[in-house]
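In what follows, a structure is listed as structure tokens, so that the remarks can point back to it.
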Amino acid sequence: MSDLHPDTRAVHVPQPPLNGSVPIATPIYQTSGFAFEDPAVFADGMSRPDGAFVYGRLSNPTVRALEDAVAGLEGGVAAVAAGSGMGAINCVLFGLLSPGDHLIAQKPLYGGTATVIADLARRFGIAVSYVPEDDPAAVRDAVRPETRLLYLETIANPMTQVADLPGMCAAAREAGLISVVDNTFASPVLCRPLEHGADVVVHSVTKYLSGHSDVLGGIAVFADEALHRKVWSFSTELGATLDPFAAWLTVRGMQTLPLRMARHCENTRVLATRLAEHPAVEAVHWPGLPGHPSHQLAVKLLPGFGAVFSFDLTGGRAAGERFMSSVRLALLAPSLGGVETLILHPATTSHRSQTPGELAASGIGEGTVRVAVGIEHAEDLWSDFTQALDR
């Protein structure tokens, strides 16, 4: 390159060879595209998800590292990363459903997912039937000739009902349906839905996978190559691609996922069990408590009961608002899965699009408070909660 003008040399920066070494940490390939010497390799890379890296919207080495890592954790064959959890959910639903199809979904659902499904029904004529999360017979009764897909959540947001994944996925498989499970609340540490018969697993990697409240991303993991290729093709058209830096941060965060989940779950056990005995608390919704309707199922399916729970205060919405404005350590904020403890009011935030009747049907009251427990010291969290309850 010595014979080139400085203007040209500034553009064409040589790439250092690795000379047989392997980087310990995943590199960030912060490039929008890749150059080729062979036109055939270039063309091939444009047409399939496992071809050469061509363009960032189609594939990227850092993003592929994340996809392979999460697919490995979930026991899948491949994955598609997206720019958010809702991006991953939309890629799966829009990539696998067509106008006139029928979808079966559990009730309750995360508010964002419920909104997307309602939009599918309204705009594309996709019929929707809702069933309880633990009733395989209801799935069988709901099946029609045009039914294509069953949608579940391992642990529901925010009332933490646990889905009967083996029974529900078996009923779907009998009917030739594709089973999609949102495993965000459990993470692959607590549950791997593909092992229970699911076909697709989705995550908001914003939550436990990245784990530090600094990433927006989503991912879908597939048990079948054909399903993966179909959704990958749609995702490249939709343009819901995850960027390399977010993928790198997620890979970095995932290295401590098992350690963090252990602390999350233990802290949650302390808070949930103590709140259940507090006179100012009407009810605590966490599957680790014997009185929770999903407790026995959770014991069978999950080695831990998750780190999100909800509770109702005896004073209703006014008491809930006083509590949320009185905490000093916990943060009033959206999302979950980071190292910090976060609280929110589902009726006006995560499930704000639902009607009062829909909220009541999901068990969400006006005074329900959702807690996403972090990894702080449990006694510090309990002190914060008790001083807020005293108010």
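The stretch between Asp214 and Ser325 holds 37.5 nm of extra length on full extension. This uses 0.36 nm per residue minus the Cα-Cα distance. Taking Phe309, Phe94, Phe185 in turn, the Gaussian network model of the chain (Cα-Cα springs below 10 Å) assigns the largest fluctuation to Phe94.
Considering only the other residues whose Cβ falls under 15 Å of the Cβ of Trp248, what net charge follows from Lys and Arg at +1 and Asp and Glu at -1? Local net charge: -2.
Among Ala262, Ala283, Ala35, the largest mean-square fluctuation in a Gaussian network model of the chain (Cα springs under 10 Å) belongs to Ala35. Please get the size of the charge dipole for the chain, origin at its Cα centre, with Cβ charges of +1 on Lys and Arg and -1 on Asp and Glu, quoted in debye to the nearest 20. The dipole of the chain has a size of about 360 debye. Listed by chain and number, the aspartates and glutamates placed with their C-alpha closer than 15 angstrom to that of Lys107 are Glu133, Asp134, Asp135, Glu153, Asp164, Asp182, Glu358; residues fewer than eight positions away on the same chain are left out. Over all other residues within a Cβ to Cβ distance under 13 Å of Val205, the charged ones net out to -3, with Lys and Arg as +1 and Asp and Glu as -1. All other residues whose Cβ lies under 15 angstrom from that of Val270 are scored, Lys and Arg at +1 and Asp and Glu at -1, for a net of -3. Put a plus charge on the Cβ of each Lys and Arg, a minus charge on the Cβ of each Asp and Glu, and nothing anywhere else: the dipole of segment 263-317 about its Cα centre is then about 160 debye. Per residue, the chain reaches -12000 deg cm²/dmol at 222 nm when only DSSP H runs of four or more residues are counted, each adding -39500 (n - 2.57). Calculated translational diffusion coefficient of segment 257-390 (10 °C, 1.306 mPa s; Stokes-Einstein with Kirkwood radius over alpha-carbon pairs) equals 106 µm²/s. Between the Cα long axis of helix 165-174 and the first principal axis of the chain there is an angle of about 60°, rounded to the nearest 10.
Each 10 Å bin from zero holds the following percent of Cα-Cα pairs in segment 60-155: 14, 41, 32, 12, 1.
Helix 244-254 and the longest principal axis of the C-alpha atoms of the chain enclose an angle of approximately 50°. With the Kirkwood sum run over all distinct C-alpha pairs, segment 39-254 has a hydrodynamic radius of 17.2 Å.
A dipole drawn for the chain from +1 and -1 charges on Cβ atoms has a positive end, and of Val299, Met168, Thr314 the residue lying farthest that way is Thr314.
Using only the Cα atoms of the chain, build the gyration tensor, take square roots of its eigenvalues as a ≥ b ≥ c, and label the shape rounded, prolate or oblate: rounded if a/c is under 1.5, else prolate if a/b is larger than b/c, else oblate. Oblate. In this Cβ point-charge picture (+1 for Lys and Arg, -1 for Asp and Glu), segment 160-229 has a dipole of about 100 debye about its Cα centre. Using a Gaussian network model of the chain in which every pair of alpha carbons under 10 angstrom is joined by a spring, one finds that among Met261, Met46, Met86 the greatest mean-square fluctuation is at Met46. To the nearest ten degrees, helix 257-275 and the longest principal axis of the Cα atoms of the chain are 10 degrees apart.
Only the coordinates and a few stated rules stand behind these numbers; no lab work does. This is a predicted model, so every value here is computed, not measured. All Cβ positions, even for glycine, are placed from backbone atoms using ideal geometry, and neighbour counts span all protein chains on display.
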